[in-house]
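Input: a single structure, listed below in structure tokens.
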Amino acid sequence: MRHELANGGSETHSELRFATECYTTYPWFGRIAREFKSKCPNVELRLITEATARPLPELERGSIDIAITSSRIRNKKLCVLDLFSDELVAVVAKDHPWAEAKGIAIEEFRHIHLLAYSANPMDSDFVREILIPAGVVPLKVSGIQLTEALLEFARACLGVAVVAKWTVGNLSKIGELVAIRIGQNGLHRNWKAVWMRNHPKPEILMTFAKMLSLGQGPRKKIKV
């Protein structure tokens, strides 16, 4: 929300600016937007796509009001509400060397061309939160911001795409791509809504966050 409107002014034209840490988490938006509009008719939801790669720094800078992230939260100045969980999988062509594997170890990513949503490895939560702490650096990282394009590159056997399992649907029907579990028990992310404790309108942010936590979709909710 624009703070100049929140500090005692009218909310007639106020905005709730949000960003997600993943380029593929928008299918829920239409339903949430309608529900939010019915409860907060004077607040417009605004997606800030420029903050997608690093929403938490943008949150602290005041560029957005709420971040949807799977990153670890260590800053005590932030409020956190758990939302849901999903699973990351490696997607490869049917003739890729990994295609017959039931699961792939983190160490194996050291030897591959990783297809990610950002060309900067440190903008990828998979690289930043999983690979780097394990001491693993891929041979190459290519950034492609569209899931469909990532999958097409994987289909062409040009690299390994790492995406949320629910975004790829039933790959068995396609027959040219294979989704592989990462790690022995799978790689799961816990998503959360995060905002600054000193935000002037926390109740509106909480309303939006709770709608997300109660939402239905392809992801499994975690209890909050």
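From the residues in the stretch 18-33 that are β-branched (Val, Ile, Thr) and not in a loop (DSSP other than H, G, I, E, B), which one is nearest to residue 127 (Cα to Cα)? Talk me through it step by step, then tell me what you get.
Narrowing the stretch 18-33 to residues β-branched (Val, Ile, Thr): 20, 24-25, 32.
Next cut, not in a loop (DSSP other than H, G, I, E, B) only: 20, 32.
Working: 20: 17, 32: 30 Å.
Of everything passing the filter in the stretch 18-33, 20 is nearest to residue 127 (Cα to Cα).
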Boolean, residue 73 is within 24 Å of residue 182 (Cβ to Cβ) and either at pLDDT below 90 or not aromatic (Phe, Trp, Tyr) (or both):
yes
Could you count how many residues in the stretch 60-78 are free of Cβ contacts under 8 Å to residues at least 12 places away in the same chain and surrounded by 21 or more Cβ atoms within 10 Å (Cβ to Cβ)?
0
Hey, can you tell me all the residues within the stretch 119-137 that are out of contact with any Asp or Glu (no Cβ under 9 Å at 6 or more places or on another chain), aliphatic (A, V, I, L, M) and at pLDDT 85 or above?
127, 130, 131, 132, 137
When you scan the stretch 132-146, how many residues do you find that are touching a helix residue (DSSP H, G or I) at 6+ places or on another chain (Cβ under 6 Å) and outside any strand (DSSP E or B)?
4
Among the residues of the stretch 116-133, write down those that are under 16 Å from residue 181 (Cα atoms) and not β-branched (Val, Ile, Thr).
126, 131
Surrounded by 14 or more Cβ atoms within 10 Å (Cβ to Cβ), under 30 Å from residue 46 (Cα atoms) and at pLDDT 90 or above - does that describe any residue in the stretch 92-111?
no
Look at residue 104 and say whether it is touching a strand residue (DSSP E or B) at 6+ places or on another chain (Cβ under 7 Å) and either small (Gly, Ala, Ser) or under 19 Å from residue 192 (Cβ atoms) (or both).
no
When only residues in the stretch 2-26 that are closer than 23 Å to residue 151 by Cβ and surrounded by 13 or more Cβ atoms within 10 Å (Cβ to Cβ) count, which is modelled with the lowest pLDDT?
25
With the requirement that a residue be surrounded by 13 or more Cβ atoms within 10 Å (Cβ to Cβ) and either outside the structural domain of residue 22 (by TED's automatic domain parsing) or of a type in the set (Val, Ile, Thr) (or both), what does the stretch 36-52 give you?
43, 48, 52
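The rows are residues; the columns are (1) in the same structural domain as residue 200 (by TED's automatic domain parsing); (2) more than 17 Å from the chain's Cα centre (by Cα); (3) small (Gly, Ala, Ser).
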| site | (1), (2), (3) |
| --- | --- |
| 80 | yes, no, no |
| 89 | no, no, no |
| 92 | no, yes, no |
| 97 | no, yes, no |
| 106 | no, yes, no |
| 115 | no, no, no |
| 127 | no, no, no |
| 132 | no, yes, no |
Matching residues in the stretch 147-166 (under 20 Å from the mean Cα position of the chain (by Cα) and assigned to a loop (DSSP other than H, G, I, E, B)) number 0
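The values are calculated or read from the model by the stated rules, or taken from the named source; none is laboratory data. These figures come from a predicted structure and were not determined experimentally. Positions of Cβ are backbone-derived with ideal geometry, glycine not excepted, and every protein chain shown enters the neighbour counts.
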